[in-house]
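Below is one structure, written out as structure tokens, with a few remarks after it.
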Amino acid sequence: MSRTLVLNARQLVTLAGPNRGRMGPEMADVGVREGWAMLLDGDRIAVVGPESHLLAEAGDSEIVDAEGGVVTPGFVDAHTHLVFAGNRANEFEMRCAGRSYQEIAAAGGGIMATVRATRTASDAELLEAGARHADQMLRCGTTTIEAKSGYGLTVEHELRLLRTARDLGESGPWRVVGTCLGAHAVPPEFEGDRAGYVTMVTDELLPLAAPLCRYVDVFVEDRYFSHDDARRIAARAKALGLGVRLHADQLTYNGGAGLAAEIGAVTADHLEQTDEAGIAALLAGGVIPVLLPGSVFGLGLSRYPPARAMIEAGLPVVLATDFNPGSSPTPSLPMVMSLACLQMRMTPAEALTACTINAAHSLGLADEIGSLEPGKRAGFVVHDIGDWREIPYWFGANTVRTVWVGGRPA
Ligand code: NIG
Ligand code: FE
């Protein structure tokens, strides 16, 4: 196996610690090491320690010069709608002029507009769009992407999206984790028969989707899916050995956090409207909150999820982009970190923890990625800055110089 020594990093931000979500005050400790280096053995990290020690044991390793930059783990984006065709810049313009997201959806736009574009795209077009977007994420430092379906809404088209996500993971440098979001909206074929659509999801789609995904998601929201729909889908998902993630309490408060706890969801995502009772339910149920400030910003709203109360309650908060063509067309976790710091009063350290080890934990991957520690996969980012806090500070900029995946530059 070839050995590589990463030298001359101004700071190595290790996120070292237990292979689980970091809770409460643990989120503030990102493990900043100055004068440290990292020795890779093939696609794994072998040693992380003071540069002088590593130079002594490095032998004839290949040398990689970080040129005084900051090295962090590859970012983990735990909530994206990666695979779709087209974009909704037309709706963006309408929202800028004052129309609301819900109004546009009720008039036939919104999720259904992307469903129409996605269904008519060829397999090659879908793969090309997914690769282009995944590459933008990679260039912003993301090496692992959770990818939801949800713009097909028939058995055939949902499976096509999940296959595209799988193929992206197999063909590109990114690691992709699939989630079946068949219950994203009720398609026109089932208008007036939501229960029938949910039966299609539980009885036809999920058994075929199971080999292609690890998780199942439901958009629990007025005019989308109810608590009972989510209970039915979650029961089937679990019977198939899949975990549950939930879009909860995004646009209206409807007890989504409590529902997530009741059905044993791994994560509850969004949570803009969640209150103290919801936070207590997440804590009691061991549900991980995945916060998506990009979608609040992207919809021009001002109510961000209560991150401080969640951290103070001891929850292992995760941040993700929610990358999608409607509410959050950003591929950038650093941008999301900036929003979290400025609008949700998370500290830079909490934001970085939320995009690395905590996000990895929410995907069941904390033993493989999310920190720079011996035995983990050698996926890391060299940033063109001298202090790690500059990552969220230079908002809208890209501090990434190079991204490494599996011990090689991506
Ligand atoms: O997470 N909330 C539902 N789904 C997406 C938006 C999807 C869309 O508008 O295309 C979200 O915000
Ligand atoms: Fe989403």
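The values are calculated or read from the model by the stated rules, or taken from the named source; none is laboratory data. Quick caveat, the model's predicted, so the values are computed rather than measured. Cβ: placed from backbone, ideal geometry, glycine included. Neighbour counts: every protein chain shown. The accessibility values were calculated without ligands, DNA or RNA, using every heavy atom of the protein model including side chains. Shrake-Rupley method; radii C 1.70, N 1.55, O 1.52, S 1.80 Å.
Report yes if some residue within segment 72-86 is at pLDDT 95 or above and open to solvent by 30 Å² or more (accessible area, probe 1.4 Å); otherwise report no. Give the steps one after another, and end with the answer.
Filtering segment 72-86 for residues at pLDDT 95 or above gives 72-86.
Next, only the ones that are open to solvent by 30 Å² or more (accessible area, probe 1.4 Å) stay: 86.
Within segment 72-86, one or more residues are at pLDDT 95 or above and open to solvent by 30 Å² or more (accessible area, probe 1.4 Å).
Here are some conditions: (1) more than 20 Å from the chain's Cα centre (by Cα); (2) surrounded by 23 or more Cβ atoms within 10 Å (Cβ to Cβ); (3) more than 16 Å from ligand 1 (Cβ to nearest atom); (4) not charged (D, E, K, R). Cys213 meets all but one. Which one does it not meet?
(1) is the only condition that Cys213 fails.
Taking Asp275, is it within 29 Å of Pro334 (Cα to Cα), buried (at least 21 other Cβ atoms within 10 Å of the Cβ) and in the same structural domain as Arg308 (by TED's automatic domain parsing)?
Numbers: within 29 Å of Pro334 (Cα to Cα): yes; buried (at least 21 other Cβ atoms within 10 Å of the Cβ): no; in the same structural domain as Arg308 (by TED's automatic domain parsing): yes.
In short, no.
What pairs come up if the first residue lies in segment 178-207 and is not assigned by TED's automatic domain parsing to the domain that holds Phe225, the second is at pLDDT below 95, and their beta carbons are under 8 Å apart, counting only those six or more places apart or on different chains?
Within 8 Å, no pair qualifies.
What number goes with the only condition from (1) of a type outside the set (S, T, N, Q); (2) open to solvent by 10 Å² or more (accessible area, probe 1.4 Å); (3) in contact with a strand residue (DSSP E or B) (Cβ under 8 Å, 6 or more places away or on another chain) that Val220 does not pass?
For Val220, the exception is condition (2).
I'm trying to understand the selection: among the residues of segment 304-356, which are charged (D, E, K, R) and within 14 Å of ligand 1 (Cβ to nearest atom)?
First pass over segment 304-356, keeping only residues charged (D, E, K, R): 308, 312, 322, 345, 350.
If the condition is that a residue be charged (D, E, K, R) and within 14 Å of ligand 1 (Cβ to nearest atom), then Asp322 is the only one that fits.
When Gly152 is evaluated against the numbered criteria (1) open to solvent by 10 Å² or more (accessible area, probe 1.4 Å); (2) part of a loop (DSSP other than H, G, I, E, B); (3) at pLDDT 95 or above; (4) not aromatic (Phe, Trp, Tyr), which criterion, by number, is the only one it fails?
If we test Gly152 against (1) open to solvent by 10 Å² or more (accessible area, probe 1.4 Å); (2) part of a loop (DSSP other than H, G, I, E, B); (3) at pLDDT 95 or above; (4) not aromatic (Phe, Trp, Tyr), just (1) comes out false.
Of everything in segment 341-368, what is within 25 Å of Ala397 (Cβ to Cβ), assigned to a loop (DSSP other than H, G, I, E, B) and open to solvent by 10 Å² or more (accessible area, probe 1.4 Å)? Give them in sequence order.
Matches in segment 341-368: Arg345, Thr347.
Quick one: would you say Glu125 is of a type in the set (Asp, Glu), over 24 Å from the mean Cα position of the chain (by Cα) and surrounded by fewer than 22 Cβ atoms within 10 Å (Cβ to Cβ)?
Numbers: of a type in the set (Asp, Glu): yes; over 24 Å from the mean Cα position of the chain (by Cα): no; surrounded by fewer than 22 Cβ atoms within 10 Å (Cβ to Cβ): yes.
No.
Identify all residues within segment 63-109 that are over 25 Å from the mean Cα position of the chain (by Cα) and in a strand (DSSP E or B); write none if there are none.
Within segment 63-109, Ile63, Val64, Asp65 meet the criteria.
Quick one: is Val176 in contact with a helix residue (DSSP H, G or I) (Cβ under 7 Å, 6 or more places away or on another chain) and open to solvent by 20 Å² or more (accessible area, probe 1.4 Å)? Step through it out loud before you land on a result.
Values: in contact with a helix residue (DSSP H, G or I) (Cβ under 7 Å, 6 or more places away or on another chain): yes; open to solvent by 20 Å² or more (accessible area, probe 1.4 Å): yes.
Spelling it out, Val176 is indeed in contact with a helix residue (DSSP H, G or I) (Cβ under 7 Å, 6 or more places away or on another chain) and open to solvent by 20 Å² or more (accessible area, probe 1.4 Å).
For segment 153-200, which positions are under 25 Å from Gly74 (Cα atoms) and over 19 Å from the mean Cα position of the chain (by Cα)?
The one that is under 25 Å from Gly74 (Cα atoms) and over 19 Å from the mean Cα position of the chain (by Cα): Ser171.
Looking at Glu26, Glu93, Glu57 in this structure, which one is at pLDDT below 95 and either of a type in the set (Asp, Glu) or surrounded by 18 or more Cβ atoms within 10 Å (Cβ to Cβ) (or both)? Don't jump to the end; show me each part of the working.
On the way: Glu26 fails: at pLDDT below 95; Glu93 fails: at pLDDT below 95.
One residue alone meets the criteria, Glu57.
Go through Ala230, Ala268 for me and flag whichever is touching a Pro at 6+ places or on another chain (Cβ under 7 Å) and either within 16 Å of ligand 1 (Cβ to nearest atom) or without any contact (Cβ under 8 Å) to a residue 40 or more places away in the chain (or both). It would help to see each step written out before you state the result.
Numbers: Ala230 fails: touching a Pro at 6+ places or on another chain (Cβ under 7 Å).
The match here is Ala268.
Only one of Ser332, Ser295, Ser338 is more than 14 Å from ligand 2 (Cβ to nearest atom), among the hydroxyl-bearing types (Ser, Thr, Tyr) and open to solvent by less than 10 Å² (accessible area, probe 1.4 Å); which?
Numbers: Ser332 fails: open to solvent by less than 10 Å² (accessible area, probe 1.4 Å); Ser295 fails: more than 14 Å from ligand 2 (Cβ to nearest atom).
The unique qualifying residue is Ser338.
When Glu191 is evaluated against the numbered criteria (1) open to solvent by 20 Å² or more (accessible area, probe 1.4 Å); (2) touching a strand residue (DSSP E or B) at 6+ places or on another chain (Cβ under 8 Å), which criterion, by number, is the only one it fails?
For Glu191, the failing item is (2).
Tally time: how many residues in segment 319-329 are surrounded by fewer than 24 Cβ atoms within 10 Å (Cβ to Cβ) and at positive phi?
Within segment 319-329, residues that are surrounded by fewer than 24 Cβ atoms within 10 Å (Cβ to Cβ) and at positive phi number 0.
Which of the numbered conditions does Ile391 fail, given that it passes all the others? Conditions: (1) surrounded by fewer than 24 Cβ atoms within 10 Å (Cβ to Cβ); (2) touching a Gly at 6+ places or on another chain (Cβ under 9 Å).
(1)
What is the residue count in segment 272-299 for residues that are within 13 Å of ligand 1 (Cβ to nearest atom) and over 18 Å from Cys341 (Cβ atoms)?
Quick first cut of segment 272-299, residues within 13 Å of ligand 1 (Cβ to nearest atom) only: 272-273, 290-299.
Then keep just the ones that are over 18 Å from Cys341 (Cβ atoms); that gives 273, 299.
Count: 2.
Among the listed residues Gly86, Gly110, which satisfies the condition of being on the phi > 0 side of the Ramachandran plot, within 12 Å of ligand 1 (Cβ to nearest atom), in contact with an Asp or Glu (Cβ under 8 Å, 6 or more places away or on another chain) and of a type outside the set (A, V, I, L, M, F, W, C)?
Working: Gly86 fails: in contact with an Asp or Glu (Cβ under 8 Å, 6 or more places away or on another chain).
Only one candidate passes the filter, namely Gly110.
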